[in-house]
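J.: Encoded as structure tokens, here's the structure I'll be asking about.
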Amino acid sequence: MKILHLYYDIMNLYGDYGNVSVLERLIAQSGTDCEVVKKSLGDDVDFNDYGFVFIGSGTEKNQKLVLEDFKRLSDGFKAYIEADKPALLTGNSFEMLGKTITDCDGGEHSGLGMFDFTVTEQNKTRMTADAIFECEFLDRPLVGFVNKCSQITGITDHAFTVKRGLADNESDKTEGLKYKNLIGTHLTGPVVVKNPHFAEYLASQLISGEINSECLELAKKGFEVTLAELSKDN
């Protein structure tokens, strides 16, 4: 099993590398050899070599740098997703998959065009919040933190319903993107570290057989404490 950590060095806010580290350990502990391959700007990528793709969150400036580089890989990534292979994009990385990103100065950047949504940044203040997100593909909610400066409109394949925190935009109660086995969300924390049941879900997509989740026992206790605390104000 090979995991691709794409743009590992430039899209790595909020300890996002931890998402890959936990998944790697969980897969290895379950009896499957696992290798994390790190690629970044200018590197050649054959998505057929990988069973999982991860891209983390970056600054708005770095996101635009990565967006231009990602375009040369877009055909391969689109084929990878259409083949039902799993990917997780956290923070503002999944924003690159839409039609356009309008930056805080009004400049418009063409996205990969995989989906019809649009992104608009604002420069007045960042929007931050603790979060509880519910979804249909997990029997427990996800917890974490959102820190963004963007509003997204036009997503039709929603990943989450917002129980607490920030939605894609001020008029919605939904967040993120789920299409086939692609998940995109602004939820950080890192999200896989803080939500061990999510780690198990991802691992189950990558390997056959039983998941040995002994390494997640403390994380499971931490999740329950976090969920209980965040639920008090709701």
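J.: With contacts defined as alpha carbon pairs under 8 Å and 6 or more residues apart, what's the relative contact order of segment 58-209 in percent?
T.: It comes to 22 percent, rounded to a whole number.
J.: Once you treat every alpha carbon in segment 50-113 as an equal point and sum by Debye, what is log10 I(q)/I(0) at q = 0.12, 0.14, 0.17, 0.21 Å⁻¹?
T.: -0.29, -0.40, -0.58, -0.86
J.: Counting Lys +1, Arg +1, Asp -1, Glu -1, what net charge surrounds Val225 among other residues with beta carbon under 12 Å of its beta carbon?
T.: Net local charge, Val225 excluded: +2.
J.: Between Phe117 and residues 5 or more places away or on another chain, which pairs have amide H atoms under 5 Å apart, with H built 1.01 Å from N, and which residues are they?
T.: Residues meeting the amide H criterion: Lys99.
J.: At what distance in nm do the modelled label points of Arg126 and Val225 sit from each other, each positioned 7 Å from its Cα along Cα→Cβ?
T.: Label at Arg126, label at Val225, 2.5 nm between them.
J.: Per-residue counts of other Cβ atoms within 10 Å, averaged by peptide: what ranking do you get for 177-184, 108-115, 225-232, highest first?
T.: Descending mean neighbour count gives 177-184, 108-115, 225-232.
J.: Shifting gears a bit: Of all the accessible heavy-atom surface of segment 17-147, with the other protein chains kept in place and a 1.4 Å probe, what percent is carbon and sulfur?
T.: Here carbon and sulfur together make up 43 percent of the probe-accessible area.
J.: Just the accessible area per residue of segment 160-234, please: how many Å² with a 1.4 Å probe?
T.: That works out to 47 Å² per residue.
J.: Which value, in debye to the nearest 20, describes the size of the charge dipole of segment 86-145 about its Cα centre when Lys and Arg Cβ atoms bear +1, Asp and Glu Cβ atoms bear -1, and nothing else is charged?
T.: 100 debye
J.: Sort 209-218, 26-35, 92-101, 48-57 for me by packing, meaning the mean count of neighbouring Cβ atoms within 10 Å per residue, highest on top.
T.: 92-101, 48-57, 26-35, 209-218
J.: Further question on the same structure: Per-residue counts of other Cβ atoms within 10 Å, averaged by peptide: what ranking do you get for 124-130, 193-199, 134-140, highest first?
T.: In decreasing order of mean packing, 124-130, 193-199, 134-140 become 193-199, 134-140, 124-130.
J.: Something else about it: Could you work out Rg/(2.2 N^0.38 Å) for segment 128-234, with Rg from alpha carbons only?
T.: With N residues counted in segment 128-234, Rg over 2.2 N^0.38 Å equals 1.08.
J.: Would you mind computing, in nm to one decimal, how far apart the modelled labels at Asp44 and Glu68 are, each placed 7 Å from Cα along Cα→Cβ?
T.: 2.3 nm
The values are calculated or read from the model by the stated rules, or taken from the named source; none is laboratory data. Keep in mind the model is a prediction, meaning the values are calculated, not measured. Cβ coordinates were reconstructed from backbone atoms using ideal geometry, including for glycine residues, and neighbour counts include every protein chain displayed. All accessible areas refer to the heavy atoms of the entire protein, side chains included, with ligands and DNA or RNA removed. Shrake-Rupley method; radii C 1.70, N 1.55, O 1.52, S 1.80 Å.
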